[in-house]
Amino acid sequence: MEKVRLQKFMADAGVASRRASEKLIAEGHVVVNGKTVTEMGIKIDHRDKVEVDGVPLHDEKKRYILLYKPRGVISAVKDDKGRKVVTDLLEDDVEERVYPIGRLDYDTSGLLLLTNDGEFANQLMHPRYHVDKTYVAKVRGFLTIEEIKKMEKGMKLKDFKTSPAKVHVMSKDSKKNTSLVKIVIHEGHNHQVKNMFEAVGHPVEKLSREKYGFLTLDGLVSGKYRNLTRLEVAQLKEKR
């Protein structure tokens, strides 16, 4: 059998990315064949017994899931406050230990990918991987042409400058003083869309991610999910 590096085995088993797996190894969380391993470079095969914090790892079948995340659910596999997490929405047919790729805020709904393929997840989240993420936001007030141009040009926020976005006002409600706006970005900074609208004076009241690259929510209702097809997975990998 071909031996692989321990951190790759962990990433393939869905524990974390290779880099995060290396940190777990260095901190003494990983046991191989009954012995704690803290040094990098060890290679193993499927005959070796690997445990992370006492949990045995198996070479699981790769799973790729598209979930329609509802509002009021945490993009995580556990929550110390006891709130519902996205993996609570999965049924018994998902036996693999999947986790979300990136995150959506607690009060944001929409398309979220989950997988147990750590390497795949890590590469999708890498800054060099530019995948368009399409959101629909309900915001207060009405955007001016100048404000739209500012967002489309790229704007300075607190910690970084955004890349150019695509912004389209879908509708306006003069009675409620709100607008429905579609915005397309390819970055994934925390609260980025909310912070962008806040910066031009239009706080977000409601937000949903409608597309991730070519993937959409078509055929799904809130709280439900489907497996990605082999073709969809291959297309995502081709964009790396």
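What to note about this one:
- Segment 103-119 residues that are under 20 Å from V221 (Cβ atoms), paired with ones that are open to solvent by 10 Å² or more (accessible area, probe 1.4 Å) and acidic (D, E) (beta carbon under 8 Å, 6 or more apart): G110/E210; L111/E210
- Failed item in (1) among the aliphatic types (A, V, I, L, M); (2) out of contact with any strand residue (DSSP E or B) (no Cβ under 6 Å at 6 or more places or on another chain); (3) open to solvent by 60 Å² or more (accessible area, probe 1.4 Å); (4) within 30 Å of V204 (Cβ to Cβ), with L124 passing the rest: (3)
- In segment 17-36, residue farthest from the chain's Cα centre (by Cα) [restricted to those that are of a type in the set (A, V, I, L, M, F, W, C) and open to solvent by 20 Å² or more (accessible area, probe 1.4 Å)]: V31
- Segment 125-240 holds strands (runs of 3 or more DSSP E) entirely within its bounds, and those carrying 1 or more residues that are aromatic (F, W, Y) and within 30 Å of K61 (Cβ to Cβ) map to 204-212, 225-227.
- Taking the criterion of being open to solvent by 20 Å² or more (accessible area, probe 1.4 Å) and either in contact (Cβ under 8 Å) with a residue 12 or more places away in the chain or touching a Leu at 6+ places or on another chain (Cβ under 7 Å) (or both), the residues of segment 191-209 that qualify are H191, K194, N195, A199, G201, P203, V204, E205, K206.
- Residues (loosely packed, with under 11 Cβ neighbours inside 10 Å and of a type outside the set (D, E)) located in segment 210-239: G219, V221, R230, L231, A234
- Among the residues of this structure, K61 does not count as one that is assigned to a loop (DSSP other than H, G, I, E, B), at pLDDT below 90 and farther than 27 Å from F214 by Cβ.
For every residue, the table says whether it meets (1) open to solvent by less than 20 Å² (accessible area, probe 1.4 Å); (2) of a type outside the set (D, E, K, R).
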residue	(1), (2)
L90	no, yes
Y106	no, yes
D117	yes, no
E146	no, no
M155	yes, yes
T162	yes, yes
A165	yes, yes
N177	no, yes
L180	no, yes
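The values are calculated or read from the model by the stated rules, or taken from the named source; none is laboratory data. This one's a predicted model, so the numbers in the text were calculated from it and none came from an experiment. Because the Cβ atoms are built from the backbone with ideal geometry, glycine has one as well, and the counts that use them run over all protein chains shown. In case anyone asks, the SASA skips ligands and DNA or RNA and just uses the protein heavy atoms, side chains included. Shrake-Rupley method; radii C 1.70, N 1.55, O 1.52, S 1.80 Å.
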